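One structure below.
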Amino acid sequence: MRTPGADEALIYGYLFTEGIIHRASDIATVKLISPTEALVTLQPEVDFRPDNYHRFGYTNSSCGLCGKTDLEQLQRTFFHFPIPGKPTVSPAILTQLPDLLAQQQEVFGHTGGIHAAALFNTAGKLLALQEDVGRHNALDKLIGSSLQQAQFPWRDKLVLLSGRISFELVQKAASAGTPLLAAIGAPSSLAIQLAEENGITLIGFLRQDRLNVYTYPERVVASKS
């Protein structure tokens, strides 16, 4: 259900985006029992109610909604809301990002079939990257690694996704306080709606020569000559 590697980051990110933890210190210990099993011990003060997180059916590498019975289950998470209108980024920087991402996708270079989630600053510098066969896993790994390193929330950063933007990927990005979420692919209508509701500038179809801005375009500002 996931590409091995960065397993602890995946655990931290998944528990955070599911709303089970709000900070890295909410986890007491993580023990990787086998390649497919981990034992996570939460701090005593964490109010974890397992019945709220039941899924009906199996989850696979492409799942975000799988097994959840309604959209309200996706909206129970704790959000770090971005600062209105900030930060800003130029279209010239944005259109460089897909090539920068491709150059750093090591696993994609070997396989030709894996997703990536990357964190950039608004000057276009790559800060972190995670890859996984599941696009939701890639973003969870990215969030989890930042959570572990106390580089959180992402209110002055930009997230780039290698595929399309679904509702649940926006939800994950919103939980991290992401102000700018871009993707090489298309957003769904629900993704646009959730970005609008949570103050996120949503960018799709990002290419070397063009991009679409769906929400909060005031953050995409041409550089002064």
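Each of Ile143, Ile192 has some number of other Cβ atoms within 10 Å of its Cβ, and from fewest to most they run Ile192, Ile143. Where a Cα-Cα gap under 18 Å defines reach, which aspartates and glutamates qualify for Lys141, not counting those fewer than 8 residues away within the same chain? Partners found: Asp7, Glu8, Glu18, Asp26, Glu37, Glu106, Glu131, Asp132, Glu168. If you look at the Cα atoms of the range 125-225, you get an Rg and a Dmax of 13.0, 41 Å. Given a Förster radius of 30 Å and the C-beta distance between Leu32 and Ser188 as r, what FRET efficiency does 1/(1 + (r/R0)^6) yield to the nearest 0.05? Computed FRET efficiency for Leu32 and Ser188: 0.30. Modelled spin-label separation between Thr41 and Ala150, with each label point placed 7 Å from Cα along the Cα-to-Cβ direction: 2.3 nm. Run through all the Cα pairs of the range 97-178 and give the fraction in each 5 Å bin from 0, expressed as whole percent. Pairs per bin, as whole percents: 3, 16, 29, 27, 18, 6, 1. Of Arg155, Arg2, Arg219, the sequence from fewest to most neighbouring Cβ atoms within 10 angstrom is Arg155, Arg2, Arg219. In terms of other Cβ atoms within 10 Å, Leu126, Leu181 run from fewest to most in the order Leu126, Leu181.
None of the figures in this text is laboratory data; all of them are computed from the coordinates on show. Note that the structure is predicted; figures quoted are calculated from it, not measured. Note that each Cβ is placed from the backbone with ideal geometry, even for glycine, and that neighbours are counted across all protein chains shown.
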